[in-house]
1. How about the range 101-138: which of its residues are aliphatic (A, V, I, L, M) and part of a loop (DSSP other than H, G, I, E, B)?
2. Looking at the range 221-236 only, could you name the residues that are under 14 Å from SER260 (Cβ atoms) and either aromatic (Phe, Trp, Tyr) or surrounded by fewer than 24 Cβ atoms within 10 Å (Cβ to Cβ) (or both)?
3. Taking the condition of being over 15 Å from the mean Cα position of the chain (by Cα) and closer than 21 Å to ALA212 by Cα, how many residues in the range 241-252 meet it?
4. Anything in the range 166-175 that is surrounded by fewer than 24 Cβ atoms within 10 Å (Cβ to Cβ) and either without any contact (Cβ under 8 Å) to a residue 40 or more places away in the chain or in contact with a helix residue (DSSP H, G or I) (Cβ under 7 Å, 6 or more places away or on another chain) (or both)? List them, or say none.
5. Give all pairs with beta carbons closer than 6 Å in which a residue from the range 59-87 that is without any contact (Cβ under 8 Å) to a residue 60 or more places away in the chain and closer than 18 Å to ARG104 by Cβ meets a residue that is among the basic types (Lys, Arg) and not in a strand (DSSP E or B); count only pairs at least 6 apart in sequence or on separate chains.
6. Quick test of your reading of the structure: LEU239 fulfils all but one of (1) under 19 Å from ARG80 (Cα atoms); (2) at pLDDT 90 or above. Name the failing condition by number.
7. So, in the range 228-268, how many residues would count as being on the phi > 0 side of the Ramachandran plot and of a type in the set (Lys, Arg)?
8. Condition first: surrounded by 14 or more Cβ atoms within 10 Å (Cβ to Cβ), of a type in the set (Asp, Glu) and either over 21 Å from the mean Cα position of the chain (by Cα) or modelled with pLDDT under 95 (or both). Can you find one or more residues in the range 24-39 that meet it?
Amino acid sequence: MGRQPAGLRRGHSGVPAMLAVRRVKFFGRHSGEVSSSAFSPDGQMLLTASEDGCVYGWETRSGQLLWRLSGHTGPVKFCRFSPDGHLFASTSCDHTVRLWDMARAKCLRVLKGHQLSVEMVSFSPDSKQLASGGWDKRVMIWEVQSGQVLRLLVGHRDSVQSSDFSPTVNCLATGSWDSTIRIWDLRAGTPAVSHQALEGHSGNISCLCYSASGLLASGSWDKTIHIWKPMTSSLLVQLRGHITWVKSIAFSPDELRLVSAAYSRMVKIWDCNTGKCLETLKGVLDLAHTLSGAADQTRRQASHTTTSPRAPQTYHHLRQR
C-alpha cells in the first residue's frame, strides 16, 4: 500500500489538498430501495433509480422532485447521464435499457436484446454510443441515435456488473462477477474480442472508473480498490481499508484523490499516490451505496442510500479547503 506508483499524477506540491465535507440534502420520496444515482455533468440534477420501477429527477440545490418516470416493468437497477447532458439511460430487471430525453423527461427508445436483468450502462465520451451488460454475461454496444446494436461482446464467464469507456482511446473496460476486468478494443474494423484481461482481484468486480488521463480504478467484493495502467496491464497501487465490498468509486479531477463508497455505511477518500486513506465518512443511514460527482475541478459529491424502502437519500459536498 505504501509503495510509490510511477504512473500517478502529482499536483504542484504532490500533496492532495484537505477536503471540507458537509451534508447537503436529503431526498425522501422513493417508494422502494434506491439502487443507483447519478449527477448531471453540470451538477444541477440528480437521478435516482429505484426498486419501485421508477427513475426520479431532482434539483440538487433545492432538493425538489422534478419528475418521477415510469415505464420499466421491473426494478430499475442503474442510471447514468450522457456526457453532453442531453440524455440519460436506465436499466432494469425487465431486460431492457431505456434512453430518455433530459429536457423533456421523455423516453426516446427502449433498447431490447439482453436475455436477463441489465445491471449497468455507460456512455462513450462523445455520447454517441452506449454500453450495457448484465446477468446474461454479454456486453452490448448500441448506437444512441438509432438504437441499433453495433457490437456484441462475449467473453465474461459471469454477470457483467460495471463498465466505463476510456477517455483517451477507443476502448471499453468491463467488470464481472468472474473477478476479471476486460478491456475491449472498439476501433472500427477490429474484432469484438477483448485484447487483454486484468486479473488480481479475488472477488466480484463491482465498479470501474477511468481517470481523465486513462488510469483505471476497480472496486471489488474483496474489499479492495486497484488502480491500473490498462494499456500496459500494470497494477499501480492497491487501496485497502474497507471492511465490506466496494460499491462505487470516483477520481478527483486532478487524479490525486479517489473516493469510494462501500456496503458498510462508509465513504473513504484516498491519496492515490501513497494508497493511504485521508478521511472516512461514516454514514448514519443503513447503506453507503452509490457515489457520483460533478467534475468542476472543485467538488465531488457522494450520495448514500438505504435499504429502507421509504428512507431518504442524501449527498455530501467534498470541497477543497
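1. Pass one, the range 101-138, residues aliphatic (A, V, I, L, M): 102-103, 105, 108, 110-111, 116, 118, 120-121, 130-131.
Matches in the range 101-138: MET102, ALA103, ALA105, LEU116.
2. Let us first name the residues in the range 221-236 that are under 14 Å from SER260 (Cβ atoms), namely 221-227.
Scanning the range 221-236 gives TRP221, ASP222, LYS223, THR224, HIS226.
3. 0
4. The one that is surrounded by fewer than 24 Cβ atoms within 10 Å (Cβ to Cβ) and either without any contact (Cβ under 8 Å) to a residue 40 or more places away in the chain or in contact with a helix residue (DSSP H, G or I) (Cβ under 7 Å, 6 or more places away or on another chain) (or both): ASN170.
5. Pairs that qualify, where the first residue is without any contact (Cβ under 8 Å) to a residue 60 or more places away in the chain and closer than 18 Å to ARG104 by Cβ and the partner is among the basic types (Lys, Arg) and not in a strand (DSSP E or B), are LEU65/ARG29.
6. Here LEU239 clears every test but (1).
7. Taking the range 228-268 and keeping what is on the phi > 0 side of the Ramachandran plot, we get 233, 241, 255, 265.
If we keep only those that are of a type in the set (Lys, Arg) too, we end up with 265.
The total comes to 1.
8. Yes, the range 24-39 contains a residue that is surrounded by 14 or more Cβ atoms within 10 Å (Cβ to Cβ), of a type in the set (Asp, Glu) and either over 21 Å from the mean Cα position of the chain (by Cα) or modelled with pLDDT under 95 (or both).
The values are calculated or read from the model by the stated rules, or taken from the named source; none is laboratory data. Note that the structure is predicted; figures quoted are calculated from it, not measured. Here Cβ is always computed from backbone atoms with ideal geometry, including for glycine, and neighbour counts include all displayed protein chains.
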